[in-house]
Amino acid sequence: MLSHEPQPSRFLPSYLRRSLCASIIMIAVLLLIAYSVKWIGTAPFLYWDERIQDAVFPDTAAARYQLLTIAIFITSLGSLRMSLIIALGAATLCWVSLRSKAYSFAILSSFTAMWVLNTLIKEILQRERPSLQHLVEAGGYSFPSGHAMISMGFFGTISAIWAIERKIRGRSLFLPCALGALLILLIGLSRVYLGVHFPTDIVGGYIAGIIWLVFTVPVIYWQARMQLPSTPHR
């Protein structure tokens with residue numbers, strides 16, 4: 001029976017095709033969401049944005065304002081500079097330690113795609129940031145959150161690679177899945193806590209990142225399986 005899984009030499013074209021499909025669908029879905037909101041009316045969405053902001057945004061007189069330093073650190077992990085450093089470090093580690101150019105390419109491409117696509121979509125939609133006091137400097141438009149996209153699409157890719165390596169060695173996937181999900185959640189919450197994004201911005205960024213992962217992770221997994229040494233027949 002013929003296999004539909006990409007052969008090792010076909011990883012790059014397969015990955016690029018799926019990345020292109022993910023990018024097109026991502027843009028289409030986010031535009032559809034944005035224009036559907038305009039058609040339905042923004043009032044219901046702003047209601048929930050405000051309710052969540054009231055619960056998460058710190059009151060200077062409350063104890064949770066003491067989490068500001070932690071929130072700034074967490075949100076810095078999703079910044080362009082820090083995520084670039086992490087991308088280069090993780091890609092180098094995969095190339096040198098795991099001898100996987102596919103992993104390295106997937107990491108660098110997910111980093112690049114998330115930032116480029118996020119900038120493009122923001123410029124199309126041009127949603128203003130919340131009028132709350134920004135506890136960190138934030139420029140540009142609001143929807144979708146770049147930090148949410150990078151956390152889901154980029155850190156999600158790194159977590160998926162870690163999980164794939166554990167899976168092909170017969171080990172539990174709990175650690176990469178749990179830590180990856182926790183990091184993604186905390187980065188998103190930190191942006192609302194700092195007053196620089198609406199909760200719906202975070203959801204939009206997560207949706208974009210999930211679309212990327214759905215299309216690209218299967219190719220990475222297939223490539224990892226194809227590179228396993230063949231078991232000799234007895």
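Packing around the peptides 91-98, 140-147, taken as the average count of other Cβ atoms within 10 Å per residue, puts them in this order, highest first: 140-147, 91-98.
The charge dipole of segment 83-234, taken about its Cα centre with unit charges on the Cβ atoms of Lys, Arg (+1), Asp and Glu (-1) only, comes to about 760 debye. Once the Cβ-Cβ distance of GLN126 and PHE73 is raised to the sixth power relative to R0 = 25 Å, the FRET efficiency obtained is 0.25. Does segment 69-138 come out rounded, prolate or oblate by the C-alpha gyration tensor, with a ≥ b ≥ c the root eigenvalues, rounded set by a/c under 1.5 and, if not, prolate when a/b is larger than b/c and oblate if not? Oblate is the answer for segment 69-138, as a/c is 1.5 or above yet b/c matches or exceeds a/b. State whether segment 167-209 is rounded, prolate or oblate according to the following rule on the C-alpha gyration tensor (a ≥ b ≥ c being the square roots of its eigenvalues): a/c under 1.5 gives rounded; otherwise a/b larger than b/c gives prolate, and the remaining case gives oblate. Taking the square roots of the gyration eigenvalues as a ≥ b ≥ c, segment 167-209 is prolate.
Projecting the Cα positions of PHE198, MET114, GLN227 onto the charge dipole of segment 112-234 (unit charges on Cβ atoms of Lys, Arg, Asp and Glu, taken about the Cα centre) puts GLN227 furthest along the positive direction. Its Cα centre serving as origin, segment 87-164 has a Cβ charge dipole (Lys and Arg +1, Asp and Glu -1) of approximately 220 debye.
Relative to its residue count, segment 66-218 spans a Cα convex hull of 106 Å³ per residue.
Inter-part distance, segment 11-37 to segment 100-139, computed on C-alpha centroids, equals 15 Å. Within the accessible surface of segment 97-234, defined with a 1.4 Å probe on protein heavy atoms only, the carbon and sulfur portion equals 63 percent.
The values are calculated or read from the model by the stated rules, or taken from the named source; none is laboratory data. All figures in this text were calculated on a predicted structure; none of them were measured in a lab. No Cβ is skipped: glycine too gets one built from the backbone with ideal geometry, and neighbour counts run over all protein chains shown. In case anyone asks, the SASA skips ligands and DNA or RNA and just uses the protein heavy atoms, side chains included. Shrake-Rupley method; radii C 1.70, N 1.55, O 1.52, S 1.80 Å.
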